[in-house]
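For reference, the structure discussed in these notes is given below.
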Amino acid sequence: MRSIELVLDDTADAVVRGLWQILVDAELPSLGHAGTNDPHVTVVAGETLPVPEGLDVPLPTELRVAGVLLFPAGPGRHVFGLGVVVDEPLARFHRALHEAAPGAVDSSSPGRWAPHVTLARRIRDVDLPAGLRAVTAAAPLPEVLTVGGLRHWDGEAKVTTRIA
């Protein structure tokens, strides 16, 4: 699978990594266990997604956090993340990127895309209350995450190409 992702600036990256560590410390699933992952928002994903060229739309500068977001991840499990508000600049950027890099899966198409920063994959449903308590106990969830750039990830080749 390939994806084009918004990466966060150093400050926002540290905030998300802090949330990952809170989950690790609580002995819950967390992307903090992975070690090689970077906090990001996948904008488009697909098997044959090319690196876009000549993208003619400004990169969003900020992502407004909508709150906690859950996606089904199999029986009794969910992806646990921070949902991102699709405001007009982000929607415009998403549409332009979708056109510049054809081959996206349906779930990353305009009108179906649910942008988010993943905190944990496949967290058990019974652990969701503990996960929510853990990430909100020390401080409120961030309201805004600042964008630091754009990259293309080729999961098969394990190659990251910085786009902006």
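The values are calculated or read from the model by the stated rules, or taken from the named source; none is laboratory data. Since this is a predicted model, take the numbers as computed values, not measurements. When we count neighbours, we look across all protein chains shown, and the Cβ atoms used for this are built from the backbone with ideal geometry, even at glycine. Side chains are part of the model used for accessible areas, which takes the heavy atoms of the whole protein and leaves out ligands, DNA and RNA. Shrake-Rupley method; radii C 1.70, N 1.55, O 1.52, S 1.80 Å.
Selection of the range 23-35 for residues being in a loop (DSSP other than H, G, I, E, B) and closer than 22 Å to Pro115 by Cβ yields Pro29, Ser30, Ala34. Is it true that Ala130 is in contact with a Leu (Cβ under 8 Å, 6 or more places away or on another chain) and closer than 22 Å to Pro72 by Cβ? The answer is yes for Ala130.
If you go through the range 10-43 and keep only what is among the aliphatic types (A, V, I, L, M), open to solvent by 40 Å² or more (accessible area, probe 1.4 Å) and either in contact (Cβ under 8 Å) with a residue 40 or more places away in the chain or under 26 Å from Asp87 (Cβ atoms) (or both), you end up with Ala14, Val15, Ile22, Ala26.
Evaluate the following for Glu53: is it under 15 Å from Leu150 (Cα atoms), touching a Ser or Thr at 6+ places or on another chain (Cβ under 8 Å) and among the charged types (D, E, K, R)? So Glu53 fails the test.
For the criterion of being surrounded by 14 or more Cβ atoms within 10 Å (Cβ to Cβ) and either more than 20 Å from Ala12 (Cβ to Cβ) or in contact with a helix residue (DSSP H, G or I) (Cβ under 8 Å, 6 or more places away or on another chain) (or both), Leu145 passes. The set of residues in the range 142-157 that are outside any strand (DSSP E or B), of a type outside the set (A, V, I, L, M, F, W, C) and under 20 Å from Pro52 (Cβ atoms) comprises Gly155, Glu156. Leu6 - would you say it is in contact with a Lys or Arg (Cβ under 9 Å, 6 or more places away or on another chain) and buried (at least 19 other Cβ atoms within 10 Å of the Cβ)? Answer is yes for this residue. Taking only the range 106-141 into account, find how many residues are hydrophobic (A, V, I, L, M, F, W, C), at pLDDT 95 or above and surrounded by fewer than 20 Cβ atoms within 10 Å (Cβ to Cβ). Residues in the range 106-141 being hydrophobic (A, V, I, L, M, F, W, C), at pLDDT 95 or above and surrounded by fewer than 20 Cβ atoms within 10 Å (Cβ to Cβ): 5 in total.
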